[in-house]
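Take a look at the structure set out below.
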Amino acid sequence: MFTRPGAFAVLLPLKSPGTGKSRLSTLRDDQRARLAAAFATDVVDACLRTDGVAGVLVVSDDAAFAATLAARGAATCADPGGGLNAALRHAAAHLHERRPDLRPVALCGDLPSLMPGDLATALADAATQPGPCFVRDADTTGTTLYCASYDGFDPRFGAGSAAAHEGSGARPLAGELPTLRRDVDDVDSLADAIALGLGDSSADVVRSIGLLPRDS
């Protein structure tokens, strides 16, 4: 299930691409779906190139989409319903049954600029923390990464998640970490991600829908 060396397992909660990114309202439904799928693909690829990550566990309500990520090296399990945090707790339990030695790391699937170096830096910091920790998003109110031991794993993603995580006792990780903090919810944040540089799959889709020059 997890064959890479490392102490961490990334838990990646993903809805069906066709249901996401509604705030990218200037794009057609099919374009938003392609972007959401590409974002997740690039996140999986970046994680599997990151030092310290033993593997990625995708928890999704879309078995066909999850299978495309399994083909790239991710493990998968079905989303049981009940919302994002319930999906993450289910994934953590699934992981713990198979690899109790690994520390679960919840990560957002909409980080198309994610570079392994930023993720590795955050995980190296997390490894020094005895308790839960998290990474604020670029807007400072949300969360892009949450890490805790299995026994202390209590994700609080949703509106105001940064304050919710900090209020629960989780420690915010420091450092610039620009590609780890830049999640994409709307046109402005997509522009910021493009400026940082996109993963291959996201760049291909963005280029195909005319948001990047063909030769970029």
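Counting DSSP beta bridges with both partners in the chain, what percentage is antiparallel, nearest 5?
On the way: 7 of 25 bridges.
Roughly 30 percent of the DSSP beta bridges within the chain come out antiparallel.
Could you tell me which of LEU177, GLY142, PRO13 has its Cα farthest along the dipole of the chain towards the positive end, charges placed at Cβ (Lys, Arg +1; Asp, Glu -1), taken about the Cα centre?
PRO13
Only Cα pairs under 8 Å and at least 6 apart count here; give the relative contact order of the stretch 20-112 as a rounded whole percent.
Numbers: 92 pairs, mean separation 25.9, N = 93.
Relative contact order, the stretch 20-112: 28 percent.
With viscosity set to 0.890 mPa s at 25 °C, what whole-number translational diffusion coefficient in µm²/s follows for the stretch 1-83 from Stokes-Einstein and a Kirkwood radius over Cα pairs? Mind dumping the intermediate values first?
Numbers: Rh = 13.3 Å.
It diffuses with D of about 185 µm²/s by this estimate.
Percentage of Cα-Cα pair distances in the stretch 1-153 greater than 18 Å, rounded to whole percent? It would help to have the intermediate numbers written out before the result.
On the way: 6414 of 11628 pairs.
Value for the stretch 1-153 (Cα pairs over 18 Å): 55 percent.
In debye to the nearest 20, how big a dipole does the chain give about its Cα centre with +1 on each Lys and Arg Cβ and -1 on each Asp and Glu Cβ? Working shown, then result.
Working: 20 positive and 27 negative charges, 58 e Å.
That gives the chain a dipole magnitude of about 280 debye.
Please compute the net charge surrounding ALA46, taking Lys and Arg as +1 and Asp and Glu as -1 over other residues with Cβ under 15 Å from its Cβ.
Numbers: positive: ARG4, ARG49, ARG72, ARG181, ARG182; negative: ASP42, ASP45, ASP51, ASP110, ASP118, ASP183, ASP200.
Net charge around ALA46: -2.
Arrange the peptides 147-154, 111-118 so that the one whose residues have, on average, the most other Cβ atoms within 10 Å appears first.
On the way: 147-154: 17.6, 111-118: 24.0.
Ranked from most to least packed, the peptides come out as 111-118, 147-154.
If you build the Cα gyration tensor of the stretch 111-192 and take the root of 5 times each eigenvalue, what three semi-axes come out, in whole angstrom, biggest first?
Output for the stretch 111-192: semi-axes of 21, 15, 9 Å.
In percent, what relative contact order does the stretch 80-198 have, based on Cα pairs under 8 Å that are 6 or more apart in sequence?
On the way: 181 pairs, mean separation 36.8, N = 119.
Computed value for the stretch 80-198: 31 percent relative contact order.
If packing is taken as the average count of other Cβ atoms within 10 Å, what order do 169-175, 36-42 fall into, highest mean first? Write down the numbers at each step before the final one.
On the way: 169-175: 15.4, 36-42: 25.7.
The peptides rank, most packed first, as 36-42, 169-175.
Which value in deg cm²/dmol, rounded to the nearest 500, describes the helix-derived mean residue ellipticity at 222 nm for the chain, given -39,500 (n - 2.57) per DSSP H run of n ≥ 4 and division by the residue count?
Values: 8 runs with 84 residues, N = 216.
The per-residue figure over the chain is -11500 deg cm²/dmol.
Using a probe radius of 1.4 Å on heavy atoms only, what accessible surface per residue do you get for the stretch 60-166? Whole Å² is fine.
In whole numbers, the stretch 60-166 has 41 Å² accessible per residue.
If you average the sequence gap of Cα pairs under 8 Å that are 6 or more apart and divide by the length of the chain, what percent do you get for the contact order?
Values: 426 pairs, mean separation 50.1, N = 216.
Over the chain, the number comes to 23 percent.
Going by average Cβ density within 10 Å per residue, which order do the peptides 88-94, 188-194, 52-58 take, highest to lowest? Walk me through the numbers on the way to the answer.
Details: 88-94: 21.4, 188-194: 18.0, 52-58: 23.4.
Order by mean packing, descending: 52-58, 88-94, 188-194.
One quarter of the convex hull surface, Cα atoms only: what value does that give for the stretch 145-216 in nm²? Display every interim value, and only then the final one.
Working: hull surface 25.5 nm².
If I average the Cα hull's projected area over directions, I get 6.4 nm².
Using a 1.4 angstrom probe with every protein chain in place, what is the largest-first accessible-area order of THR68, THR26? Numbers along the way, then the final one.
Numbers: THR68 70, THR26 110 Å².
If we order THR68, THR26 from most to least accessible, we get THR26, THR68.
Mind listing P(r) for the stretch 1-45? All alpha-carbon pairs, 10 Å bins, whole percents.
25, 41, 21, 12, 1
Report, to the nearest whole %, how much of the accessible area of the chain belongs to carbon and sulfur atoms, 1.4 Å probe, protein only. Please report the intermediate quantities before stating the final value.
Working: 4760 of 9230 Å².
Carbon plus sulfur share of accessible area: 52 percent.
GLU166: accessible area at probe 1.4 Å, nearest 10 Å²?
About 80 Å², ignoring ligands and nucleic acids.
The values are calculated or read from the model by the stated rules, or taken from the named source; none is laboratory data. Treat the numbers as computed from the prediction; the structure is a model and nothing was measured. A quick note on method: Cβ atoms are made from the backbone with ideal geometry, for glycine too, and the neighbour counts reach across all protein chains shown. The protein model used for the area step is the full one, side chains on, heavy atoms only, and it has no ligands, DNA or RNA in it. Shrake-Rupley method; radii C 1.70, N 1.55, O 1.52, S 1.80 Å.
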